[in-house]
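Colleague: Just passing along the structure, written as structure tokens.
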Amino acid sequence: MRIGLSLSFCVQDILNGHVDIDEVEYIICGTCFRNHREFEKGIQIYSNSYWLDAPEVGKHIARKLWNAGKLLQPRLEGYSVPNILNGIWAILEER
């Protein structure tokens, strides 16, 4: 299982076939979407920059993760977001 640390870059990895969406436990996002309307506006912006190769597929992936409750937004609770300088994925291995 994987924990992602960036909505835009993690969806990009899924979109490009580097990560299987079924491996994603959740993504800790730097976003602060308070409702579905804000989420839709945000992924529209991302689709025009990060997911240019297939914007509709990128939005579909983001919606699937949103609907599954796999997008955590610590900024909504006043917490800081993870630093992605050392990567955007943490891999959880079974013992």
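The values are calculated or read from the model by the stated rules, or taken from the named source; none is laboratory data. From a predicted model like this one, the values you see are computed outputs, not experimental measurements. Ideal geometry is used to build each Cβ from the backbone, glycine not excepted, and the neighbour counts take in all protein chains shown.
Colleague: Go through segment 73-82 and report how many residues are in a loop (DSSP other than H, G, I, E, B), at pLDDT 95 or above and surrounded by 15 or more Cβ atoms within 10 Å (Cβ to Cβ).
Modeller: Qualifying residue count for the region: 1.
Colleague: Suppose we filter LYS70, LYS59 for residues that are touching a Ser or Thr at 6+ places or on another chain (Cβ under 6 Å), modelled with pLDDT of 95 or more and surrounded by 15 or more Cβ atoms within 10 Å (Cβ to Cβ); which single one remains?
Modeller: Working: LYS70 fails: touching a Ser or Thr at 6+ places or on another chain (Cβ under 6 Å).
Result: LYS59 is the single residue among LYS70, LYS59 that is touching a Ser or Thr at 6+ places or on another chain (Cβ under 6 Å), modelled with pLDDT of 95 or more and surrounded by 15 or more Cβ atoms within 10 Å (Cβ to Cβ).
Colleague: Ok, one more. Among (1) outside any helix (DSSP H, G or I); (2) touching a helix residue (DSSP H, G or I) at 6+ places or on another chain (Cβ under 6 Å); (3) among the aliphatic types (A, V, I, L, M), there is one condition ALA62 misses while meeting the rest; what is its number?
Modeller: (1)
Colleague: Taking the options TRP66, TRP51, name whichever one is more than 10 Å from the chain's Cα centre (by Cα) and aromatic (Phe, Trp, Tyr). I'd like the intermediate steps shown before the answer.
Modeller: Numbers: TRP66 fails: more than 10 Å from the chain's Cα centre (by Cα).
Only one candidate passes the filter, namely TRP51.
Colleague: Let me ask another. Of the numbered conditions (1) loosely packed, with under 14 Cβ neighbours inside 10 Å; (2) under 12 Å from LEU5 (Cβ atoms); (3) in contact (Cβ under 8 Å) with a residue 12 or more places away in the chain; (4) not polar (S, T, N, Q), LEU85 fails exactly one; give the number of that condition.
Modeller: (3)
Colleague: From the list LYS70, LYS64, LYS41, pick out the single residue that is closer than 22 Å to GLY87 by Cβ and without any contact (Cβ under 8 Å) to a residue 60 or more places away in the chain.
Modeller: Numbers: LYS64 fails: closer than 22 Å to GLY87 by Cβ; LYS41 fails: closer than 22 Å to GLY87 by Cβ.
Within the list LYS70, LYS64, LYS41, the selection yields LYS70.
Colleague: Working only within segment 22-40, note down all residues that are farther than 16 Å from LEU72 by Cβ and surrounded by 12 or more Cβ atoms within 10 Å (Cβ to Cβ).
Modeller: GLU23, GLU40
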